[in-house]
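Below is one structure, written out as structure tokens; the observations come after it.
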Amino acid sequence: MPVVMARDLEETASSSEDEDLANQEDHPCIMWTGGCRRIPVLVFHAEAILTKDNNIRVIGERYHLSYKIVRTDSRLVRSILTAHGFHEVHPSSTDYNLMWTGSHLKPFLLRTLSEAQKVNHFPRSYELTRKDRLYKNIIRMQHTHGFKAFHILPQTFLLPAEYAEFCNSYSKDRGPWIVKPVASSRGRGVYLINNPNQISLEENILVSRYINNPLLIDDFKFDVRLYVLVTSYDPLVIYLYEEGLARFATVRYDQGSKNIRNQFMHLTNYSVNKKSGDYVSCDDPEVEDYGNKWSMSAMLRYLKQEGKDTTALMAHVEDLIIKTIISAELAIATACKTFVPHRSSCFELYGFDVLIDNTLKPWLLEVNLSPSLACDAPLDLKIKASMISDMFTVV
């Protein structure tokens, strides 16, 4: 967890000054575990950012817990840590329990981490979050374990290197196809084509077969953002958060080629659709199935009412997540052994974007490094604050 290590907390708690606090078994931020060893684990509460409860703050303050935020503006992370009594230190400080950063750490910084420090990225996480690396890793797994076992991505080509192979496939299936830069996010630089002549080959791009039979709700296309926490690559430990977000396009779906350039119809990214005049936001956090952003559980309830087998769907989604991470496991685990002195130093929150087709097959669209924690609507805050709190408790 992003705090002093459990044994350090035990030692501190053993002093007469703090003995009374350590013995408060019913304190909302302390959970005892470890059998006879009675190891205290820090428990985070999402509602702390609303209540400003001093009883919650006292744990972090008493044990001088600290964090720093580097190269990102994570207001939600800052709010949750501050509400639990963590003190923010300067980005250049080396005296902290948790570093929350928007980018990968340089190897020399990873090597300096103490056993009581945590950072929110593994080395080489780009093996999953760069679209070209993700594609190559999954292709390798298809060659090793069989195409069918790892058929989790639409047919994809890396251009310009695989331009001839793409043209060969295009001659058999004219599309549409979707073009994505290899290292972009939030829908930037993404467009649909139905002719290779429409592709710019000035930089590395991925061209994927467009899934033209998406599952629709009220005639709108949507995708699902899932939150996946990895706490270790050796051994591999993966957690899937129980809630996510279903994000809807703002124009009703139509397969007609005349609509191929309409981003508001074909792209489900919130960053794209919030610019649409048709975007509908919801101001009530208790209403999870209205507007262009639903909770994942509301989406699953809707599908279940429509007679869909949502249990099987989520089992397939979990399978997709596990196989995706396994595809990069060796590279990331090797980097950890090389650069990270303590096995528990790193953790990672990934944002998985998944599209479900009308046969209920989930397809992996991309894996996001540092998924957005912006809370532009009450539903965002409700889901993301609970997710981040659970993540810190697990870590």
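The values are calculated or read from the model by the stated rules, or taken from the named source; none is laboratory data. As the structure is a computational prediction, the values presented were derived from the model and not from experiment. Here the Cβ positions follow ideal geometry from the backbone for every residue, glycine too, while neighbour counts run over all protein chains shown. Surface areas here come from the heavy atoms of the whole protein model, side chains and all, with no ligands, DNA or RNA. Shrake-Rupley method; radii C 1.70, N 1.55, O 1.52, S 1.80 Å.
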### Task
State whether the residues of the stretch 381-394 include one that is of a type outside the set (A, V, I, L, M, F, W, C), touching a Lys or Arg at 6+ places or on another chain (Cβ under 8 Å) and modelled with pLDDT of 95 or more.
no
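Name the single residue that is farthest from the chain's Cα centre (by Cα) among those in the stretch 290-305 being small (Gly, Ala, Ser) and not in a strand (DSSP E or B). Quick ask: steps written out before the conclusion?
Taking the stretch 290-305 and keeping what is small (Gly, Ala, Ser), we get 291, 295, 297-298.
Now narrow it down to the ones that are not in a strand (DSSP E or B): 291, 297-298.
Details: 291: 22, 297: 17, 298: 19 Å.
Step by step, filter the stretch 290-305, then rank; the result is 291.
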#### Entry: Leading residue by the ranking (modelled with the lowest pLDDT) among those in the stretch 7-55 that are surrounded by 18 or more Cβ atoms within 10 Å (Cβ to Cβ) and of a type in the set (Gly, Ala, Ser)
13
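Look through the stretch 306-318, keep the residues that are assigned to a helix (DSSP H, G or I) and without any contact (Cβ under 8 Å) to a residue 12 or more places away in the chain, and return whichever of them is nearest to residue 217 (Cα to Cα). Spell out the reasoning first.
Initially, the stretch 306-318 is screened for residues assigned to a helix (DSSP H, G or I), giving 310-318.
Among the residues that remain, those that are also without any contact (Cβ under 8 Å) to a residue 12 or more places away in the chain are: 310-311, 315.
Details: 310: 14, 311: 18, 315: 21 Å.
Taking the candidates together, the pick is 310.
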### Query
What residue, among those in the stretch 67-108 that are hydrophobic (A, V, I, L, M, F, W, C) and modelled with pLDDT under 95, is farthest from residue 390 (Cα to Cα)?
108
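Modelled with pLDDT of 95 or more, touching a helix residue (DSSP H, G or I) at 6+ places or on another chain (Cβ under 9 Å), surrounded by 19 or more Cβ atoms within 10 Å (Cβ to Cβ) and β-branched (Val, Ile, Thr): is that true of residue 3 in this structure?
When the stated conditions are applied, residue 3 does not pass them.
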### Query
Yes or no: residue 384 farther than 15 Å from residue 229 by Cβ and either among the charged types (D, E, K, R) or open to solvent by 20 Å² or more (accessible area, probe 1.4 Å) (or both)?
no
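Among the residues of the stretch 272-307, which ones are of a type in the set (Ser, Thr, Tyr) and open to solvent by less than 20 Å² (accessible area, probe 1.4 Å)?
Within the stretch 272-307, the subset of a type in the set (Ser, Thr, Tyr) is 276, 279, 281, 290, 295, 297, 302.
Scanning the stretch 272-307 gives 276, 295.
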### Message
of a type outside the set (Gly, Ala, Ser) and over 26 Å from residue 122 (Cβ atoms): which single residue out of 210, 233, 241, 227 fits that description?
### Response
210
### Task
May I ask you to list pairs of residues, at least six apart or on different chains, whose Cβ atoms are under 7 Å apart, with the first in the stretch 363-391 being within 30 Å of residue 208 (Cβ to Cβ) and charged (D, E, K, R) and the second being in a strand (DSSP E or B) and open to solvent by less than 10 Å² (accessible area, probe 1.4 Å)?
366/353
#### Entry: Subset of the stretch 125-167 (residues that are in contact (Cβ under 8 Å) with a residue 40 or more places away in the chain, aromatic (Phe, Trp, Tyr) and touching a strand residue (DSSP E or B) at 6+ places or on another chain (Cβ under 9 Å))
126, 135, 157, 166
### Task
Of all residues in the stretch 40-98, count the ones that are small (Gly, Ala, Ser), touching a strand residue (DSSP E or B) at 6+ places or on another chain (Cβ under 8 Å) and assigned to a loop (DSSP other than H, G, I, E, B).
2
### Task
Would you check which residues across the stretch 239-262 are within 25 Å of residue 134 (Cα to Cα), open to solvent by less than 50 Å² (accessible area, probe 1.4 Å) and out of contact with any helix residue (DSSP H, G or I) (no Cβ under 6 Å at 6 or more places or on another chain) and list them?
245, 248
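To keep it simple, each residue is scored yes or no on (1) of a type in the set (A, V, I, L, M, F, W, C); (2) in contact with a Lys or Arg (Cβ under 7 Å, 6 or more places away or on another chain).
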residue	(1), (2)
287	yes, no
290	no, no
294	yes, no
300	yes, no
304	no, no
312	yes, no
323	no, no
332	yes, yes
#### Entry: Candidates 69, 59, filtered to the one that is open to solvent by less than 70 Å² (accessible area, probe 1.4 Å) and over 24 Å from the mean Cα position of the chain (by Cα)
59
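For the stretch 331-360, name all the residues that are of a type in the set (S, T, N, Q), open to solvent by 20 Å² or more (accessible area, probe 1.4 Å) and assigned to a loop (DSSP other than H, G, I, E, B). Can you show your working first?
Of the residues in the stretch 331-360, the ones of a type in the set (S, T, N, Q) are 334, 338, 344-345, 358-359.
Add one more test, that the residue is open to solvent by 20 Å² or more (accessible area, probe 1.4 Å), and what stays is 334, 338, 344, 358-359.
Of everything in the stretch 331-360, those that are of a type in the set (S, T, N, Q), open to solvent by 20 Å² or more (accessible area, probe 1.4 Å) and assigned to a loop (DSSP other than H, G, I, E, B) turn out to be 344, 358, 359.
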### Query
Out of the stretch 214-238, which residues are open to solvent by 40 Å² or more (accessible area, probe 1.4 Å), in a strand (DSSP E or B) and in contact with a helix residue (DSSP H, G or I) (Cβ under 8 Å, 6 or more places away or on another chain)?
236, 238
